[in-house]
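The values are calculated or read from the model by the stated rules, or taken from the named source; none is laboratory data. Because the structure is a prediction, the values reported are computed rather than measured. Quick reminder, even Gly has a Cβ in these numbers, built from the backbone with ideal geometry, and neighbours come from all protein chains shown.
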Amino acid sequence: MTFKFRIIQLVLLTLASGFLYSQDIHFTQFNLAPLSYNPAMTGGFYGSIRVGGIYRDQWASVYNTPSFYLDSPILKGFRKQDWIGVGIFAFQDEAESEYIPFASGAQSKRGTLTTGGLLSSAAYHFALDEERNTVIALGGQFGTLSKKIDGQFEFEDGILDNGQTQEQLPDKDSPKSYLDISAGLTITGRTTGESFYRLGISAMHINKPDNAVRGGGASTELPMRIIGYGTYYMDLNEKFLVLPSVLFQSLGPASELDLQGMVGYKIPSESTVLKAGLGYRIGDALQVLLGVDYKDLRVGASYDLTLSALSSPHNGFEIGVAYIAKIYKRPKVDPVIFCPRF
């Protein structure tokens, strides 16, 4: 293997590690991905089972991220107004490298970095009053994350020698798995009528797992991801509502702040709410937000218009869905024989 090959190999591995460090999974429609940013949201709804997911396609097929979650307020707590929620969250994130130009005029092949996860979560919801007007929830999440490189990287000396390299990238297809642990806290309060607010904070990767790209390499500790969140669902009148939201997150030296606002138009006769709005990821992207609520079904779509140096077509599209099923037993009523008096 040439010295040049070793240097390029080292650079690519370093870049891949740095990419994982800066790019944790995140969604524009974070309101439709509750278990992805705070495990205390597990089971935090009125119903029997909630199922949902988001598909994100970013940067013209360079990135794509499908996700799925399911949760349920399955058990009563120590008091009659408390309850326990359990759930699962799964995702797969594929990031494709750009072509790397060489001085000779040749280009490297693309390679794909795939990250996936299957996580379980549970939360205890502590109601401060019997009417559950204010609820504090504490949750935890644990599971396995994995990643791998597909090994399709090609180097300049190999390209110049009829496409044959002296040595392949070590462990190019071997997935690396590690345990991941997170925790979170939320407070939800009802104000007037159907209006309510929710505030939350969470710490992801609190065990700081080894995030090395390949086995046998130097340890790359994944730092904690700190997330703060707030939203307010406010009824203005019988026709309109507003939904402002804010999400702040930091991972190591990187940080991100999303500000969003949506307006909803209610059609009571159809049990439908039509929503539209805008968001701004500070210093990065303008977000166009659309949504429809029909009874217990929520559907949303978003498009990120990149404003940073990563210009078009490096934009992102998302579509998300969430459904709450309400399964209740019908009360058993003993038959009664009516005997009128004469």
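Within the range 184-196, one or more residues are under 22 Å from Leu118 (Cα atoms), surrounded by 19 or more Cβ atoms within 10 Å (Cβ to Cβ) and at pLDDT 65 or above.
The conditions of being at pLDDT 95 or above, within 26 Å of Gly85 (Cα to Cα), of a type in the set (S, T, N, Q) and surrounded by 15 or more Cβ atoms within 10 Å (Cβ to Cβ) are met by Ser245. Can you tell which of Lys208, Lys295 is at pLDDT below 95, closer than 30 Å to Glu131 by Cα, surrounded by fewer than 17 Cβ atoms within 10 Å (Cβ to Cβ) and not aromatic (Phe, Trp, Tyr)? Answer to the check: Lys295.
Every test in (1) in contact (Cβ under 8 Å) with a residue 40 or more places away in the chain; (2) assigned to a strand (DSSP E or B) is passed by Pro66 save one, and that test is (1). Quick one: would you say Tyr55 is among the hydroxyl-bearing types (Ser, Thr, Tyr), more than 22 Å from Met262 (Cβ to Cβ) and surrounded by fewer than 19 Cβ atoms within 10 Å (Cβ to Cβ)? Spelling it out, it is not the case that Tyr55 is among the hydroxyl-bearing types (Ser, Thr, Tyr), more than 22 Å from Met262 (Cβ to Cβ) and surrounded by fewer than 19 Cβ atoms within 10 Å (Cβ to Cβ).
Screening Gly283, Gly277 for residues that are surrounded by fewer than 20 Cβ atoms within 10 Å (Cβ to Cβ), under 18 Å from Thr231 (Cβ atoms) and either free of Cβ contacts under 8 Å to residues at least 40 places away in the same chain or more than 18 Å from the chain's Cα centre (by Cα) (or both) leaves exactly one candidate, Gly277. The residue of the range 21-64 that is farthest from Ala95 (Cα to Cα), among those that are β-branched (Val, Ile, Thr) and either modelled with pLDDT of 95 or more or within 9 Å of the chain's Cα centre (by Cα) (or both), is Ile49. Say whether the condition of being aliphatic (A, V, I, L, M), more than 30 Å from Ser195 (Cα to Cα), surrounded by fewer than 20 Cβ atoms within 10 Å (Cβ to Cβ) and modelled with pLDDT under 95 is met by at least one residue in the range 131-148. No, every residue in the range 131-148 fails to be aliphatic (A, V, I, L, M), more than 30 Å from Ser195 (Cα to Cα), surrounded by fewer than 20 Cβ atoms within 10 Å (Cβ to Cβ) and modelled with pLDDT under 95.
Look at (1) under 20 Å from Thr65 (Cβ atoms); (2) modelled with pLDDT under 55; (3) not acidic (Asp, Glu) and you find that Ser311 fails only one, number (1). Glu98 meets all of the listed conditions (1) modelled with pLDDT under 90; (2) closer than 19 Å to Met204 by Cα; (3) not aromatic (Phe, Trp, Tyr); (4) not in a helix (DSSP H, G or I) but one, namely (2).
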